[in-house]
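So the structure is just underneath, and the comments pick up after that.
The values are calculated or read from the model by the stated rules, or taken from the named source; none is laboratory data. All values reported here derive from a predicted model rather than from experimental measurement. Here Cβ is always computed from backbone atoms with ideal geometry, including for glycine, and neighbour counts include all displayed protein chains.
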Amino acid sequence: MTTNNLIEKGQSFLAYSATLILSQLQLLRSSTDKRQQTAITAAATIVGTWTLYRLLFSKRRRQIENIVPLASGSLPILGHALAINRDPQKFLAECREKYGTAFRLNLAGRETFVLTGRLIPELLFASRKQFSFTEGVEVVVPTQRVLHLSYDHKHKEEEISPRDKHPIVFPVKQNFKPEQISVFSERIQKAFLGMLDEKLALKPGEKRTLATWDFLSEAISRISCLCFAGSRVGTNKDLVLAMASFTQNIIKAGMLLTILPDAIADTVVRRMFSVEQQLDLLMELIVPELEKIASGELPDDEPTFVSMVLKLPKADGSYRSPRDAAFYFKEIALASIHTTSHFTTFALHELACRPQLVAELREMISKVGPERTPENVSEIPLLDSFLREVLRHDIDYLGLHHKALKDVVLSTGQVIPEGSLVVAALEDAHVYPMDPPPAGMKPLNEFDPYRFLNMKEDKWSSTIGNDLISFGLGGHACPGRYFAVNEIKYVLAELIMRYNVSTASGKRAKDFPVMGMVKFPPREPLIFEGI
């Protein structure tokens, strides 16, 4: 490779990197902090040089017989980014048609193994000794590294023994089942109705334009803080706002960690993108509460996630300290607020362009009576069918990232090498399912809110299967999905009964895809009109 070629490729990559980084961070509601903006611009410059270095001096992959095939058309440095960005659905379908159910792409500076169709369950039902979801996510967005850099000097997270019941998964699986959601019903209502009274009290005919994602992030954060931290601290406005932006701040910092050399990235994150203040607030509010519960000074009379962690015994019979238990609240905030806001925003955009559907839903919701609850609106078939279709249709192109912990041989005989990043083609799986859809069903690449009504097999929005993998499958399935879907349906029901929601054009706003992998809700504000 000549010097001129290096310079030319470096210049191209610098321009691409700057555009990519800045657009993604703007998408994620990037901070107005000038120090952060300066750091982002500098990162766009540094990353070109760093990537060229890795390109020239990185070790070649060991030769592996029958490795999953690499899709053609990969450009130097840019890989398949330009091709997949043009039309992600078409590009992935063409790759599947040409290379089969597994193929490799070069995306975001790394080789990515894409599984489609019947290979997706192989990934999701595989042994934890073969694939790790946690490590896969950490490759893409190094959440734990951001947390370590931000807070290890104040509190180091405990090491979880393999013999222990997992302090996040176990409490959620045991206490957030469908029949147990009623425990949180009053708090869900109190949090959301309080948000509407405070931020969206409109008279009939009065209109207000809202940045929907921001509004819903705060609303869902109110619900999560009240349900998972409890009534004594969950109404704290500073905590609510901190948790509403927590995931976005983690992602911003994580993106820098994935593209910059470690020494530079660590320094930038510590000084400019740390989430230390948000974690300080969390600990200052929740730790004293748990200390009082542990000592008996306060009654343990309200189920919360943090109290469940506090009371969960370890394998040796000991219990976690209030500090350790409180620190796990960050995980539930990361898992719940961002994703719930994401799909609720999509749902509102689907409603905004379908006034007839809204009229039908309004009529059905009115039949539950004047007092709407998460329990009574969750039983409305059309509302549930609509939400299941949102979860099916408005999904990422590629997701459910896993890391291969050893060489894995697929049922096709093809090999995924140890250390590889593996993703599932999610939208492709929903548009081209393993099992043929019932006769007469609308094409699966179209949005149909009535799709799951009157089916022979009951398929609620929380029902997982090969035709809906938004929540994962098997042991990888999201244990909090029952709470999430009831929460979303209640939020939608209240909004439907109080407002007409529309876009300025009256049409469905365009989604905001990033790198051909992630699909974010439209950025266009929605218009709310009081009724």
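Tabulated data
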quantity	calculated
Single residue of PHE447, PHE452 found to be modelled with pLDDT of 95 or more, out of contact with any strand residue (DSSP E or B) (no Cβ under 7 Å at 6 or more places or on another chain) and among the aromatic types (Phe, Trp, Tyr)	PHE447
Residue among PHE176, PHE228 that is at pLDDT 95 or above and either under 21 Å from PRO303 (Cβ atoms) or in contact with a Leu (Cβ under 8 Å, 6 or more places away or on another chain) (or both)	PHE228
Residue in region 270-301 that is surrounded by the most Cβ atoms within 10 Å (Cβ to Cβ), counting only those that are among the β-branched types (Val, Ile, Thr) and outside any loop (DSSP other than H, G, I, E, B)	ILE286
Which numbered condition VAL422 fails, given (1) closer than 23 Å to ASP384 by Cβ; (2) modelled with pLDDT of 95 or more; (3) crowded, with 16+ Cβ neighbours inside 10 Å	(1)
Residue among LEU115, LEU105 that is touching an Asp or Glu at 6+ places or on another chain (Cβ under 9 Å), within 15 Å of GLY516 (Cβ to Cβ) and either among the acidic types (Asp, Glu) or modelled with pLDDT of 95 or more (or both)	LEU105
Evaluation of PRO299 against (1) touching a helix residue (DSSP H, G or I) at 6+ places or on another chain (Cβ under 6 Å); (2) more than 18 Å from LEU334 (Cα to Cα) (one fails), failing number	(1)
Test result for LEU334, over 20 Å from SER224 (Cβ atoms), in contact (Cβ under 8 Å) with a residue 40 or more places away in the chain and either assigned to a helix (DSSP H, G or I) or in contact with a Gly (Cβ under 9 Å, 6 or more places away or on another chain) (or both)	no
Residues (surrounded by 21 or more Cβ atoms within 10 Å (Cβ to Cβ), farther than 21 Å from MET434 by Cα and over 20 Å from the mean Cα position of the chain (by Cα)) located in region 105-125	LEU105
Positions within region 202-238 being under 22 Å from VAL183 (Cα atoms) and among the aliphatic types (A, V, I, L, M), in sequence order	ALA219, ILE220, ILE223, LEU226, ALA229, VAL233
Boolean, GLU138 is of a type outside the set (Ser, Thr, Tyr), within 25 Å of GLY480 (Cα to Cα) and exposed (fewer than 13 other Cβ atoms within 10 Å of the Cβ)	no
Boolean, PHE343 is at pLDDT 95 or above, closer than 30 Å to PRO525 by Cβ and either surrounded by 18 or more Cβ atoms within 10 Å (Cβ to Cβ) or out of contact with any Lys or Arg (no Cβ under 8 Å at 6 or more places or on another chain) (or both)	yes
Pairs, first surrounded by 14 or more Cβ atoms within 10 Å (Cβ to Cβ) in region 356-382, second part of a helix (DSSP H, G or I) and of a type in the set (Phe, Trp, Tyr), C-beta under 6 Å, six or more apart	PRO374/TYR490; VAL377/TYR490
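One line per residue, one yes/no per condition, for (1) under 24 Å from ILE488 (Cα atoms); (2) of a type in the set (Gly, Ala, Ser):
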position: PRO261; (1), (2): no, no
position: MET272; (1), (2): no, no
position: ILE286; (1), (2): no, no
position: LEU290; (1), (2): no, no
position: LEU310; (1), (2): no, no
position: ARG320; (1), (2): no, no
position: ALA325; (1), (2): no, yes
position: THR345; (1), (2): yes, no
position: ALA352; (1), (2): yes, yes
